[in-house]
């Protein structure tokens with residue numbers, strides 16, 4: 001007999017795990033900053049921090065405030081029609097009432113693959129985009145399950161959460177890059193710290209500057225997987241019917257997708273989708289947890 005899983009416990013556990021993983025990114029940022037400050041003058045590190053913050057914030061926040069427009073333009077989505085996509089509108093209205101959230105703007109993209117994504121910086125600026133394949137192949141309960149999952153991303157402010165993660169990863173990458181480049185132009189022969197200590201610090205700094213951005217990116221992907229589990233559990237909270245979403249995921253798992261349908265998605269949007277259309281990615285580099293594990297957890301709720 002399969003042990004029952006509480007969606008409340010799943011929500012709490014995945015929120016805690018996301019925060020712990022986010023904290024580990026902060027730790028990476030502090031460590032690499034501390035080593036750079038030891039090697040160079042602290043005032044030099046202060047300049048590097050300002051540069052990294054300005055560049056990372058500017059790039060990420062521009063994307064953040066235009067996330068919905070960028071996502072929709074990349075897949076050439078068009079506004080859904082209340083007449084031709086009536087079931088889509090009805091399901092979204094039902095989930096809006098169940099979640100207590102404003103009705104998101106609805107869009108449709110051309111693809112035979114069953115997929116969907118949500119974007120927007122907050123519930124008042126949210127969009128949900130469904131593929132034509134999802135609207136054709138999913139039943140009412142399955143469609144509501146998928147929409148509930150996407151509205152959960154909005155309710156949990158996942159775009160905001162992942163944006164904050166992206167800012168910190170951007171800062172780590174910029175600091176690492178500036179540090180490595182600065183070594184080529186640095187002729188600092190300060191003997192007060194001891195030659196061996198200085199060499200050790202530089203070596204540690206180089207290794208950390210190479211590995212830290214990679215590790216931070218892997219942590220970001222782990223956070224993304226936890227947010228998917230969180231959205232599944234929160235979606236069950238909205239629908240009170242886990243079989244709808246689990247049935248939709250089974251259809252996604254078993255369908256055969258053509259290369260043309262996969263290429264309809266931009267890789268930047270793949271992480272937003274309910275299932276990564278580029279299914280060849282595996283292991284630590286997955287943006288989504290294994291679909292079999294998601295189904296197992298849903299069926300145990």
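When the range 96-105 is filtered for residues that are surrounded by 13 or more Cβ atoms within 10 Å (Cβ to Cβ) and either in a helix (DSSP H, G or I) or in contact with a helix residue (DSSP H, G or I) (Cβ under 6 Å, 6 or more places away or on another chain) (or both), the ones remaining, listed by number, are 96, 98, 99, 101, 102, 103. Residues that are under 25 Å from the mean Cα position of the chain (by Cα) and surrounded by fewer than 14 Cβ atoms within 10 Å (Cβ to Cβ) within the range 25-50 comprise 26, 27, 30, listed in sequence order. Looking only at residues in the range 76-95 that are over 24 Å from the mean Cα position of the chain (by Cα) and assigned to a helix (DSSP H, G or I), the one that is nearest to residue 263 (Cα to Cα) is 88.
Taken together, 224, 246 contain a single residue that is modelled with pLDDT of 95 or more, surrounded by 13 or more Cβ atoms within 10 Å (Cβ to Cβ), touching a helix residue (DSSP H, G or I) at 6+ places or on another chain (Cβ under 9 Å) and over 20 Å from residue 34 (Cα atoms), which is 246.
Every residue, every condition in (1) part of a helix (DSSP H, G or I); (2) in contact (Cβ under 8 Å) with a residue 12 or more places away in the chain; (3) out of contact with any strand residue (DSSP E or B) (no Cβ under 8 Å at 6 or more places or on another chain), yes or no:
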| residue | (1), (2), (3) |
| --- | --- |
| 43 | yes, no, yes |
| 47 | yes, no, yes |
| 59 | yes, yes, yes |
| 64 | yes, yes, yes |
| 71 | yes, yes, no |
| 130 | no, yes, no |
| 134 | yes, yes, no |
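Residue 112 falls short on exactly one of the conditions (1) assigned to a helix (DSSP H, G or I); (2) touching a strand residue (DSSP E or B) at 6+ places or on another chain (Cβ under 9 Å); (3) in contact (Cβ under 8 Å) with a residue 60 or more places away in the chain, and that condition is (1). Just checking, does the range 275-296 include any residue being surrounded by 18 or more Cβ atoms within 10 Å (Cβ to Cβ), within 22 Å of residue 10 (Cα to Cα) and more than 19 Å from the chain's Cα centre (by Cα)? Yes, some residue in the range 275-296 is surrounded by 18 or more Cβ atoms within 10 Å (Cβ to Cβ), within 22 Å of residue 10 (Cα to Cα) and more than 19 Å from the chain's Cα centre (by Cα). Using the structure shown, decide if residue 160 is on the phi > 0 side of the Ramachandran plot, outside any strand (DSSP E or B) and either out of contact with any helix residue (DSSP H, G or I) (no Cβ under 6 Å at 6 or more places or on another chain) or crowded, with 22+ Cβ neighbours inside 10 Å (or both). In short, no.
For the structure I just gave you, tell me whether residue 201 is surrounded by fewer than 20 Cβ atoms within 10 Å (Cβ to Cβ), at pLDDT below 90, out of contact with any helix residue (DSSP H, G or I) (no Cβ under 7 Å at 6 or more places or on another chain) and in a helix (DSSP H, G or I). No; evaluated as a whole, the condition is false for this residue. Of the helices (runs of 4 or more DSSP H) lying entirely inside the range 239-301, the ones with 1 or more residues being in contact (Cβ under 8 Å) with a residue 12 or more places away in the chain and more than 24 Å from residue 91 (Cα to Cα) are found at 259-262, 267-270, 291-299.
The values are calculated or read from the model by the stated rules, or taken from the named source; none is laboratory data. These figures come from a predicted structure and were not determined experimentally. A quick note on method: Cβ atoms are made from the backbone with ideal geometry, for glycine too, and the neighbour counts reach across all protein chains shown.
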